[in-house]
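Data first, discussion second: the structure below is written as structure tokens.
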Amino acid sequence: SDPPESWPLDLVGVVGWYNDPQMMPRYMADFLTNQAPADFLILNPADGAEVTSLDDPEIVDMDTGTDTVKAMFFNWTEAVDIDAGDTVTYQMMFIGDGPEEELTTRDTFMYIPLNEEKPYEMNGTYTIYIQAKDLSDATVNSDTVSFTFDFPAPPVMVNADVVLVDGVPKYFAEFDLPLDGAAIANFSILDLTAPSVVTPTAVDSIAPNAVMISAPLVEDNYVALVYTGLTTPGAAISVTDTTKTLKVYIPFSDAHPEDAGKIIESFEVDTGTFWDPNGSGSTSGILDASAFAVSDSTAYQGEKSGMLTILDDPATDNGWYVRLYHQKTPTVSTTSTLMFLVKGSSDAKIEMSIAIADPAYELGPWKTVSLCENDWQIVSFDLANDVAEGWYNGDGVVDGSSVTVASLRIRSSEDADVVLFIDGFTERQILEPVNVTLNVMMDEWLRQGKFNLATDFVDVAGNMNDWGGTPIVLGDLDGDTTYTAVIPLLPYTALQFKFRINGSWNDATAEFPYGGPARILTVRTYDKSYTYWYNDDTLEVAIDGIPVEFALHQNYPNPFNPVTTINFDMPSVADVKLVIYDITGRKVRTLVNESSVNAGYKKIVWNGRDDFGNGVSTGMYIYRLIAGDFVDVKKMTFLK
């Protein structure tokens, strides 16, 4: 470059070594550092601004080229960068909640489009600052301002559930604001299984912000609540929305007899294998005096339930968590649904779920418990379909064909005591029909001339075919006067039925007769055959001679279950009465009560039933024969 015009000269360079130390000159530009952008200020919005309407001055109409939308307007002073050719980029930074994407610009202003349909969904206080950055990543921050969106809002659903009130399903709905009484008339239920729209028969306000909706909800269907024009008192803004889909569960209903057959804990005697609430190391925030015990103060099933008393520990804040450990018993199928019923009383927000072990721990969906004193809620875990959450060493996937029940989980974010009643903890299985074979022996009615092989037929009527609405005719397959029908039924079904002749309820031919007790059996989980004498008339006449004296013989087998045979001898015609009594002398069953019975060797087959068609209890019984002037008594034992 040109030589200097004056001396001495301040020389900027680097020190080097070549034979001797020396200064090696460099251009001054090589030693100048990058300058960060200068300080700047946010102009709009003003710190503390409140936006309550889409017509607020802070909101402008922004032309998108195809449409005009409402947008929040932000602007700021320029962050001047003195470096030649340097470019400044601005980014809006949120403290706390904000958009997930980066909001950047090279201008000193920004428009952010708003949710014009539901602006209240943006309600809240936002704190922001603008960060200016040059090409060398040098940054400077603006001042920090806060602004608030406070748009008028309609009530918003915070909790919905299908609950049971006196065993009847109702739709419970809870909102974040009080409800306008006139607007709740716009509620309707959408049945997604049918599909159809169900009009409520009643909408009862059970709190300023909660309703109980009565409607003909179909068991096992999926439903949702539709609410239109719902407002809060004094507000004009309304909303149309639909709640999440819920399944209508009714535990232990006639449609699901398997619930009673696979019950895990009934709480009628004790709390089963559940530990004390403080028994698990995962429990926190409660006092040692918290307890789980049987109570007779309320029950959904039977006469008692499990009463869980949770006492908040005042030494801890932010609520509590209880792991009610069940010792990883019993084993349940991964195609089934676990469920229990719960109700209680508290102002606290409570959530509950069911955990299983596979052998890792998997947690079912959390259920918000409304804690209405008069309803029972169902907490369920559909092991095959619900989204699971891994806990401890779980992976969120229910593995294998069977798992074990690990625990119930209860949590609250509030520091409050609560009393919960838990009942009917059961496993609802997916069942396949089994074949129930019903046999009826017509020998005695044939002998008495009450049944004609050529012209008469036998059918069965019961709760499986609407008591004869769909005929089920029995056939005599091998000509032995034993008539048979095979009926596919679901396991655990409580079958009630009677046999009839010629499909008639005539008192002279139908069993017991028409108005009397029905036969009852519980369908097993496997194919099974059952054999009966028509009308339980089981007197048989021997054909191999006449005895010389009256006699009553010991039954065989003895003890028995469920069938035993009683033989007696009649040397001459006589009136006969053979009766079973229990050990207290109460009559259990009259086996024979006939006049002028012919002489012969007689045999009675008794199937352990009382006069009401029920199986008798384990114990000792007495059978007494009166044949003319002959009387004799013997004992026998029934063992289950």
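Some values worked out for this structure:
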| item | result |
| --- | --- |
| Two-decimal Rg to Rh for region 482-525 - Kirkwood Rh, Cα set | 1.03 |
| Accessible surface of residue 253 - all protein chains present, 1.4 Å probe, nearest 10 Å² | 20 |
| Expected 222 nm ellipticity per residue - DSSP helices of 4 or more, -39500 (n - 2.57), all of the chain, to 500 | 0 deg cm²/dmol |
| Where the Cα pairs of region 96-229 fall when distances are cut into 10 Å bins, in % | 9, 29, 21, 15, 13, 10, 3, 0 |
| Percent RCO, i.e. relative contact order, over the chain, from Cα pairs under 8 Å lying at least 6 residues apart | 7 |
| Prolate/oblate/rounded call for region 313-380, Cα gyration tensor, a/c under 1.5 rounded | oblate |
| Furthest towards positive pole of dipole, 201, 171, 160, structure part region 160-209, Cβ charges | 201 |
| Relative contact order, percent, region 124-168 [alpha-carbon distance under 8 Å, six or more residues apart] | 34 |
| Where labels lie 7 Å past Cα in the beta-carbon direction, separation of residue 237 and residue 284 in nm | 3.7 |
| Where N is the number of residues in region 204-283, Cα Rg divided by 2.2 N^0.38 Å | 1.72 |
| Computed over region 286-348, the ratio Rg/Rh where both radii use C-alpha atoms and Rh is Kirkwood | 1.02 |
| For region 266-391, the fraction of alpha-carbon pairs in successive 5 Å shells from zero, as % | 2, 10, 17, 23, 23, 17, 7, 1, 0 |
| If the convex hull is drawn through the Cα atoms of region 333-459, its volume per residue in Å³ | 188 |
| At 1.567 mPa s and 4 °C, Stokes diffusion of the chain via Kirkwood alpha-carbon radius, µm² per second | 39 |
| Share, in percent, of DSSP beta bridges within the chain that are antiparallel, nearest 5 | 95 |
| Label zone at residue 91 (point 7 Å along Cα-to-Cβ), backbone N below 12 Å, region 132-165 | 132-134, 137-140 |
| Total charge dipole magnitude, region 111-194, about the Cα centre, Cβ charges on Lys, Arg, Asp, Glu only, Debye to nearest 20 | 20 |
| Region 460-599: Rg to Rh, with Rh as the Kirkwood radius over Cα pairs | 1.00 |
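The values are calculated or read from the model by the stated rules, or taken from the named source; none is laboratory data. Computed from a prediction, not measured in an experiment: that's the story for all the values here. No Cβ is skipped: glycine too gets one built from the backbone with ideal geometry, and neighbour counts run over all protein chains shown. Please note that ligands, DNA and RNA were not included when accessible areas were found on the heavy atoms of the full protein model with its side chains. Shrake-Rupley method; radii C 1.70, N 1.55, O 1.52, S 1.80 Å.
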